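The values are calculated or read from the model by the stated rules, or taken from the named source; none is laboratory data. Not measured: the values here are computed from a predicted model. Methodologically, a virtual Cβ is constructed for each residue, glycine included, from the backbone with ideal geometry; neighbour enumeration extends over all protein chains shown. Calculation scope for accessible area: heavy atoms of the full protein, side chains included, ligands and nucleic acids excluded. Shrake-Rupley method; radii C 1.70, N 1.55, O 1.52, S 1.80 Å.
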Amino acid sequence: MSKAKIQAIRGMNDVLPNQSPHWQYLEQHIRQLMETYAYQEIRFPVLEQTQLFKRSIGDATDIVEKEMYTFEDRNGDSLSLRPEGTASCVRAAEQHGLLYNQIQKLWYMGPMYRHERPQKGRYRQFHQFGVEAFGMSGSTIESEVILLSAALWKNLGLSQYLTLEINNLGTPANRIAYSEALRTYLLGFKSVLDEDSQRRLDTNVLRILDSKNLETQTLLENAPVLEDFIDANSHAEFEKLLLMLTDAGIKYKHNSRLVRGLDYYNGMVFEWTTEELGAQATVCAGGRYDGLVKQLGGGDTPAVGFAMGMERVLLMLDELGRIPDAISRSVDIFIALIGDENQEKGLLLAENIRQALPSLRVLTHCGGGKYNSQLKKAYASEAHCVLVLEDDEVKLKMLDDEAKTEVLDCQGIISKLGNIFT
Ligand code: ATP
Ligand code: MG
């Protein structure tokens with residue numbers, strides 16, 4: 001009886017060896033960027049109490065309503081795989097006393113989980129790089145966070161393919177007043193609204209602004225505008241932010257319909273979008289969320305941050321050919337071991353070479369076989385040279401056009417290799 005092979009869960013991707021250098025390339029750029037801005041890495045578990053996400057992201061959001069992987073563990077506790085990083089980051093920082101009267105500039109990177117319909121740029125396990133800055137109000141930190149994301153696009157050669165959209169949601173009180181006005185207006189047209197929007201009238205009215213439904217969009221043209229509800233201070237701070245962006249040479253589009261899907265935002269919100277990825281256009285999104293720390297049981301703590309979808313950035317890098325060929329390094333030295341008597345000797349020689357020349361990639365063939373079959377494998381590995389241990393001799397054979405072979409002692413090999421590769 002044949003047994004069916006077990007497959008990965010739909011929407012959860014394996015990263016194979018030919019693709020992992022691309023991930024490493026992006027991850028290295030991110031790490032380096034965070035060094036240059038002096039942000040510190042924080043890591044938190046992939047699993048949290050379900051309550052954490054309900055209280056932060058909001059009960060009436062798509063994420064909590066439809067997308068979370070929630071289950072009871074063996075103790076009967078309701079747990080959820082993290083659908084995003086901000087809530088966990090706040091939980092961890094608060095739990096360990098990092099937020100009390102302090103400034104923190106943090107970043108994280110890792111897998112997130114949402115039960116969505118898988119398609120290009122949308123998966124059930126995906127990865128985010130995120131930044132969260134705590135303890136700072138005002139437009140300076142907001143600018144820094146946006147500048148930092150722009151610097152990443154520049155370093156990756158993607159700037160020309162990304163557009164910054166930005167909006168101001170005002171204070172939490174402004175947001176509530178506007179939501180009320182919008183609800184009152186839309187209630188008059190309830191029967192015309194699409195089904196999702198009708199439901200959102202009661203739960204999350206701002207999200208109706210995001211509706212893709214054409215009739216709903218037409219109705220919205222005459223709806224009250226958020227900008228009219230924003231108080232003078234918030235408005236002035238937002239103007240300062242826009243000015244700083246202009247001075248820094250960052251182009252933006254003020255999109256007054258941009259509200260973001262999560263409940264915890266106030267003040268400025270932004271998204272970086274692209275035309276390169278079809279429907280999955282948002283590559284990076286964030287904003288200010290001053291109320292969240294308190295909402296999760298901490299003190300009043302201003303906060304601002306963003307999350308970037310790493311798969312979407314990688315799709316752009318791949319499709320636009322922005323990943324340098326040089327990142328897929330081939331083997332430098334292939335070590336062929338012929339006969340039982342040479343196995344141990346060869347392994348030890350390889351150890352010595354790695355110690356003496358740590359920048360080289362040394363591949364020891366551990367699978368046995370005759371000289372010719374090992375040589376074929378050496379060529380296939382695209383190694384620059386092969387060391388053959390056979391009959392008590394160590395031969396160095398160059399695999400480039402000259403294909404020269406020399407017989408050398410072990411020390412001689414190491415110094416010879418040093419000369420070849422430096
Ligand atoms: P979308 O509108 O595409 O559903 P979102 O508003 O749900 O995005 P956020 O919660 O703000 O997204 O997450 C930030 C970023 O994470 C997104 O801009 C996107 O790049 C990425 N992202 C979100 N969900 C997914 C997913 N299911 N698969 C891949 N990337 C995702
Ligand atoms: Mg979504």
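A few notes on this one:
- Verdict on LYS154 being within 20 Å of the chain's Cα centre (by Cα), open to solvent by 40 Å² or more (accessible area, probe 1.4 Å) and more than 22 Å from THR282 (Cα to Cα): no
- Residue check for ARG31: farther than 30 Å from ASP325 by Cβ and open to solvent by 40 Å² or more (accessible area, probe 1.4 Å): no
- Residues within the range 2-28 that are among the small types (Gly, Ala, Ser) and either open to solvent by 80 Å² or more (accessible area, probe 1.4 Å) or not in a loop (DSSP other than H, G, I, E, B) (or both), tallied: 3
- Candidate set: the range 37-59, residues that are in contact (Cβ under 8 Å) with a residue 40 or more places away in the chain and among the hydroxyl-bearing types (Ser, Thr, Tyr); chosen: the one nearest to MET109 (Cα to Cα): TYR39
- Residues in the range 190-202 that are surrounded by 17 or more Cβ atoms within 10 Å (Cβ to Cβ) and not in a helix (DSSP H, G or I): LEU193 only.
- GLN102 falls short on exactly one of the conditions (1) away from ligand 1 (no atom under 16 Å from the Cβ); (2) at pLDDT 95 or above, and that condition is (2).
- Residues that are touching an Asp or Glu at 6+ places or on another chain (Cβ under 7 Å) and within 17 Å of VAL394 (Cα to Cα) within the range 331-364 comprise ILE338, GLY339, ASN342, VAL362, listed in sequence order.
- Unmet criterion (only one of (1) of a type outside the set (D, E, K, R); (2) within 16 Å of ligand 2 (Cβ to nearest atom); (3) touching a Ser or Thr at 6+ places or on another chain (Cβ under 8 Å); (4) assigned to a helix (DSSP H, G or I)) for ILE63: (3)
- Failed criterion for PHE53 (all others in (1) in a loop (DSSP other than H, G, I, E, B); (2) touching a strand residue (DSSP E or B) at 6+ places or on another chain (Cβ under 6 Å) hold): (1)
- Selection status of GLY278, away from ligand 2 (no atom under 16 Å from the Cβ) and at positive phi: no
- If you filter the range 118-142 down to residues that are of a type in the set (Ser, Thr, Tyr) and open to solvent by 10 Å² or more (accessible area, probe 1.4 Å), you find that the one that is nearest to ligand 1 (Cβ to nearest atom) is TYR123.
- Of all residues in the range 311-342, those that are more than 20 Å from the chain's Cα centre (by Cα) and open to solvent by 60 Å² or more (accessible area, probe 1.4 Å) total 6.
- Condition check for GLY267: on the phi > 0 side of the Ramachandran plot and touching a residue at least 24 places away in the same chain (Cβ under 8 Å): yes
- Qualifying residues in the range 60-75 (those that are more than 12 Å from ligand 1 (Cβ to nearest atom) and free of Cβ contacts under 8 Å to residues at least 24 places away in the same chain) - the one most open to solvent (accessible area, probe 1.4 Å): ARG74
- Residues satisfying the stated conditions in the range 115-127, i.e. touching an Asp or Glu at 6+ places or on another chain (Cβ under 9 Å) and either charged (D, E, K, R) or within 12 Å of ligand 2 (Cβ to nearest atom) (or both): HIS115, GLU116, GLY121, ARG122, TYR123, ARG124, PHE126
- Strands (runs of 3 or more DSSP E) (entirely within the range 328-422) containing at least 3 residues that are more than 29 Å from GLN24 (Cβ to Cβ): 385-390, 393-398, 405-408
- Single match in THR50, THR140, THR86 (criterion: among the β-branched types (Val, Ile, Thr) and farther than 30 Å from GLN32 by Cβ): THR50
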